[in-house]
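Notes follow once the structure below has been shown.
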Amino acid sequence: FLEDCGMYFPEVKNHPDKYLQRCPESVKKWLKQLKSAGKILLLITSSHSDYCRLLCEHILGNNFEEYFDIIITNALKPGFFSHTPNQRPFRTLENDEEQEALLSLDKPGWYSQGNAIQLCELLKKMTGKLDPKVVYFGDSMHSDIFPARHYSNWETVFILEELLGDKVAVPEEGESEPLEKKGKYEGDELKAPYSVSKQWGSFFMDRLPGLENAEEILVRTWSCKCISTYSTIAIPSLEAIADLPLDYRFTRFSPNRSATAGYYPSPPRVMLPSEESVTMK
């Protein structure tokens, strides 16, 4: 990025509108509401600081730093969650150049690399709580959701674009929340810009041939199992929940609940028929 080499970075620099979508106003408002409510907001990305700045200025605006209390770039996820402070210390930045390693993280700001252990110590100091609760939003099971849950035991919200591939099942009348508590997609037929792959089929379900000419059997895919195991909830986008009240109570994934419970606003339609007879692959 700094040397302006290759095909990718110069192209994004010169034509950001071609590749980047601006953040919806509803999501910006939601971030401000969270901060006004006393929540600490963090941005953790594996991108370097200069590239992160380009993206965020275009997506959120030149004042993007005002949305966050702590920004961590070059986080090198998933190692950010699994490595110790000695293996992966935090570093300050000067003109986007990493400086000497820090022995501890003492105040909010913009940092590079780092680890979840020292970050949690800073959050304890900032909140005054021995066990501050962290809700982590991510769109990668490998880099975000699994390590955040497995190593840090954070609550995880999986932003899953594949949820846009199936038409959302509209809850029956009387089952949904009052109108003032509905999210952007709840109660409406969701436009589906993503289609189910003709080659691979559904992200959520496989169809296996039955034994001795029996009917096909629907089984959940390995990816689907990971979603319910490591995610607290799964949503198609931040925009889907941005209009909800901050005290809205989501139904979370749980071994004691239906495997579709944690999808908001509704589970993929492919998972709904004969749910009780579906077996785990």
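The values are calculated or read from the model by the stated rules, or taken from the named source; none is laboratory data. What you see is a predicted model; the values in this text were computed from it and never measured. All Cβ positions, glycine included, derive from the backbone under ideal geometry; neighbour counts span all protein chains shown. For accessibility, only protein heavy atoms count, side chains too; no ligands or nucleic acids. Shrake-Rupley method; radii C 1.70, N 1.55, O 1.52, S 1.80 Å.
On the basis of being of a type outside the set (Asp, Glu) and under 13 Å from ILE70 (Cα atoms), does LEU130 make the cut? When the stated conditions are applied, LEU130 does not pass them.
Considering only segment 121-135, I want to know if a residue exists there that is touching a strand residue (DSSP E or B) at 6+ places or on another chain (Cβ under 6 Å) and farther than 20 Å from CYS52 by Cα.
Looking only at segment 121-135, we keep the residues that are touching a strand residue (DSSP E or B) at 6+ places or on another chain (Cβ under 6 Å), and these are 135.
Restricting the remaining residues to those that are farther than 20 Å from CYS52 by Cα gives 135.
Yes, the conditions are met somewhere in segment 121-135.
Using the structure shown, decide if THR45 is at pLDDT 95 or above, within 27 Å of THR127 (Cβ to Cβ), touching a helix residue (DSSP H, G or I) at 6+ places or on another chain (Cβ under 6 Å) and among the polar types (S, T, N, Q). Break it down stepwise before answering.
On the way: at pLDDT 95 or above: yes; within 27 Å of THR127 (Cβ to Cβ): yes; touching a helix residue (DSSP H, G or I) at 6+ places or on another chain (Cβ under 6 Å): yes; among the polar types (S, T, N, Q): yes.
Answer is yes for this residue.
I need the full set of residues from segment 203-219 which are in contact (Cβ under 8 Å) with a residue 40 or more places away in the chain and open to solvent by less than 30 Å² (accessible area, probe 1.4 Å), in order please. If the condition is that a residue be in contact (Cβ under 8 Å) with a residue 40 or more places away in the chain and open to solvent by less than 30 Å² (accessible area, probe 1.4 Å), then PHE204, MET205, VAL219 are the ones that fit.
In the condition set (1) among the small types (Gly, Ala, Ser); (2) in contact with a strand residue (DSSP E or B) (Cβ under 6 Å, 6 or more places away or on another chain); (3) modelled with pLDDT under 95, SER274 is compliant with all but (2).
Yes/no matrix, rows are residues, columns are (1) of a type in the set (A, V, I, L, M, F, W, C); (2) open to solvent by 20 Å² or more (accessible area, probe 1.4 Å); (3) at pLDDT below 90:
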{"residue": "GLY201", "(1), (2), (3)": "no, yes, yes"}
{"residue": "CYS226", "(1), (2), (3)": "yes, no, no"}
{"residue": "TYR263", "(1), (2), (3)": "no, no, no"}
{"residue": "SER266", "(1), (2), (3)": "no, no, no"}
{"residue": "LYS281", "(1), (2), (3)": "no, yes, yes"}
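Within segment 100-112, residues that are farther than 17 Å from LYS124 by Cβ sit with their Cβ atoms under 7 Å from residues that are of a type in the set (Asp, Glu), at 6+ positions apart or across chains, in these pairs: SER112/GLU98. Total residues in segment 217-276 satisfying the condition of being part of a helix (DSSP H, G or I), out of contact with any Lys or Arg (no Cβ under 6 Å at 6 or more places or on another chain) and not small (Gly, Ala, Ser): the figure is 11. The strands (runs of 3 or more DSSP E) falling completely within segment 62-133 that include 1 or more residues that are under 27 Å from LYS29 (Cα atoms) and modelled with pLDDT of 95 or more map to 70-73, 110-113. Does GLU65 satisfy the condition of being farther than 17 Å from THR45 by Cβ, more than 17 Å from the chain's Cα centre (by Cα) and among the acidic types (Asp, Glu)? No.
Scanning segment 242-256 for residues that are open to solvent by 40 Å² or more (accessible area, probe 1.4 Å) and in contact with a strand residue (DSSP E or B) (Cβ under 8 Å, 6 or more places away or on another chain) yields a total of 3. The set of residues in segment 48-61 that are surrounded by fewer than 16 Cβ atoms within 10 Å (Cβ to Cβ) and part of a loop (DSSP other than H, G, I, E, B) contains only GLY61. Closer than 23 Å to SER140 by Cβ, open to solvent by 70 Å² or more (accessible area, probe 1.4 Å) and either within 17 Å of the chain's Cα centre (by Cα) or of a type in the set (Lys, Arg) (or both), is that true of ARG22? The answer is yes for ARG22.
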